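The values are calculated or read from the model by the stated rules, or taken from the named source; none is laboratory data. Keep in mind the model is a prediction, meaning the values are calculated, not measured. Counting neighbours? That spans all protein chains shown, and the Cβs are built from the backbone with ideal geometry, glycine included. Each accessible area value is taken on the protein alone, full model and side chains, heavy atoms only, with ligands, DNA and RNA left out. Shrake-Rupley method; radii C 1.70, N 1.55, O 1.52, S 1.80 Å.
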Amino acid sequence: MNCNFVFQDDQELHRLTVQNRLLREYELPVLRRILSGKSDVRILDIGCNDGHKTVNLFSDFPGVQVIGLEYLEDLAARAVCLHGNDHFTFCRCDVEERDFAQILTDVMKTRKIEAFDVIYLSFVLMHLANPQKLLVILQQFLAEDGRVVIVEPSDRTSRLVPDEEDLLGTFLEILSSDPLAGNRTCGYDLPKLLASSGYQDIIIEQEAISCKPEELAKKQDIFETFFSYLPQDLDILCEQNPENPQYKEWKTWMDLHYETLKQSVCQKNAKISMGLLIVSFTRR
């Protein structure tokens, strides 16, 4: 297979690399606790992108068998090419397709996996038209003592101090209406959604990513992860909808305030906390 894939956007690839590094600090302790004492660990990673984070996050677990599912065909092919082996299986799959459950069942049979110890979804539900439908389906694939781990944004709880001009508030207001950004309140609504989907033992593992005022490198990672993609989204929206006055207004504001916002987040005395829900739970 030809491995000379070209990403649609090198800047987005860089942002995802930074995001993965930032989130690992919070995700890995959760996974280690859940899988402590287990061998022949079986994991389903939904939304695995190009497989890099999947391998980086799960390789250290004993006897691991991972199935990674990715919606975008090019990224799934890249994952197979660069990371597929006896322990990691990657395939293109749309979890919103009607035959999703059968497709996953077939893949599991080829790997002789009956159920998963962990089902992991990071920034997936926020992009689905009906996240509850997927949550209900996944119950049948979870081992009796297995847990689902979900990572989703929760912008309502994000804070920046000092921020006299409320730049963060305006930024998040634009972000919440960005049609390319998904449901930015997904994390906030998640516990109620899980309970109504038939899950129990719901544990809020993390509610925000924050740092001390002197952690300047981490502040830069936070800005790259949570802020850097919105100007790109606005460029795309304005290009596709040149007569839309709302998109023009948002882009004008971003052009004027983006660098100031970055300085505000990354300065030494700033206190930044970005709402991010990491939650784990099991089936009934």
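Answer yes or no as to whether residue 75 is touching an Asp or Glu at 6+ places or on another chain (Cβ under 6 Å), more than 18 Å from residue 190 (Cβ to Cβ) and open to solvent by 10 Å² or more (accessible area, probe 1.4 Å).
yes
If you take the residues of the stretch 100-134 that are over 18 Å from the mean Cα position of the chain (by Cα) and small (Gly, Ala, Ser), which of them is nearest to residue 85 (Cα to Cα)?
Of everything passing the filter in the stretch 100-134, 115 is nearest to residue 85 (Cα to Cα).
Considering each of 139, 102 in turn, give the residue that is over 26 Å from residue 203 (Cα atoms) and surrounded by fewer than 22 Cβ atoms within 10 Å (Cβ to Cβ).
102
I need a count of the residues in the stretch 62-72 that are surrounded by fewer than 22 Cβ atoms within 10 Å (Cβ to Cβ) and aliphatic (A, V, I, L, M).
2
Given 261, 277, 234, which one is touching a Gly at 6+ places or on another chain (Cβ under 7 Å), at pLDDT 95 or above, of a type outside the set (Phe, Trp, Tyr) and open to solvent by less than 60 Å² (accessible area, probe 1.4 Å)?
Details: 261 fails: touching a Gly at 6+ places or on another chain (Cβ under 7 Å); 234 fails: touching a Gly at 6+ places or on another chain (Cβ under 7 Å).
Selected residue: 277, the only one of 261, 277, 234 that is touching a Gly at 6+ places or on another chain (Cβ under 7 Å), at pLDDT 95 or above, of a type outside the set (Phe, Trp, Tyr) and open to solvent by less than 60 Å² (accessible area, probe 1.4 Å).
To keep it simple, each residue is scored yes or no on (1) part of a strand (DSSP E or B); (2) closer than 28 Å to residue 101 by Cβ; (3) touching a Phe, Trp or Tyr at 6+ places or on another chain (Cβ under 6 Å); (4) of a type in the set (Val, Ile, Thr).
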{"residue": "148", "(1), (2), (3), (4)": "yes, yes, yes, yes"}
{"residue": "151", "(1), (2), (3), (4)": "yes, yes, no, yes"}
{"residue": "160", "(1), (2), (3), (4)": "yes, no, no, no"}
{"residue": "169", "(1), (2), (3), (4)": "no, no, no, no"}
{"residue": "187", "(1), (2), (3), (4)": "no, yes, no, no"}
{"residue": "206", "(1), (2), (3), (4)": "yes, no, yes, no"}
{"residue": "214", "(1), (2), (3), (4)": "no, no, no, no"}
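Can you find, within the stretch 38-61, the residue that is surrounded by the most Cβ atoms within 10 Å (Cβ to Cβ) among those that are assigned to a loop (DSSP other than H, G, I, E, B) and at negative phi?
Start the filter on the stretch 38-61 by keeping residues that are assigned to a loop (DSSP other than H, G, I, E, B), which leaves 38-41, 47-51, 59-61.
If we keep only those that are at negative phi too, we end up with 38-39, 41, 48, 50, 59-61.
Numbers: 38: 17, 39: 9, 41: 19, 48: 29, 50: 25, 59: 12, 60: 11, 61: 22.
Step by step, filter the stretch 38-61, then rank; the result is 48.
Restricting to the stretch 189-204, name every residue that is buried (at least 18 other Cβ atoms within 10 Å of the Cβ) and part of a helix (DSSP H, G or I).
Result: 190, 194.
Pairs needed: first member in the stretch 238-263, under 15 Å from residue 172 (Cα atoms) and in contact (Cβ under 8 Å) with a residue 12 or more places away in the chain; second member anywhere, assigned to a helix (DSSP H, G or I) and open to solvent by 100 Å² or more (accessible area, probe 1.4 Å); C-beta distance under 9 Å; at least 6 residues apart or different chains.
247/240; 262/220
Residue 12 fails exactly one of the following numbered conditions: (1) in contact (Cβ under 8 Å) with a residue 60 or more places away in the chain; (2) outside any helix (DSSP H, G or I); (3) within 16 Å of the chain's Cα centre (by Cα). What is the number of that condition?
Exception for residue 12: condition (2).
Can you tell me which residues in the stretch 90-99 are touching a residue at least 24 places away in the same chain (Cβ under 8 Å) and either surrounded by 15 or more Cβ atoms within 10 Å (Cβ to Cβ) or more than 23 Å from the chain's Cα centre (by Cα) (or both)?
Correct list: 90, 91, 93, 95.
Please pick out the residue among 214, 243, 239, 249 that is open to solvent by 70 Å² or more (accessible area, probe 1.4 Å), among the acidic types (Asp, Glu), more than 20 Å from the chain's Cα centre (by Cα) and modelled with pLDDT under 95.
214
For the stretch 152-161, check the following and say yes or no: at least one residue is without any contact (Cβ under 8 Å) to a residue 12 or more places away in the chain, surrounded by fewer than 18 Cβ atoms within 10 Å (Cβ to Cβ) and more than 22 Å from residue 31 (Cβ to Cβ).
Within the stretch 152-161, the first condition is being without any contact (Cβ under 8 Å) to a residue 12 or more places away in the chain, and the residues that meet it are none.
Within the stretch 152-161, none of the residues are without any contact (Cβ under 8 Å) to a residue 12 or more places away in the chain, surrounded by fewer than 18 Cβ atoms within 10 Å (Cβ to Cβ) and more than 22 Å from residue 31 (Cβ to Cβ).
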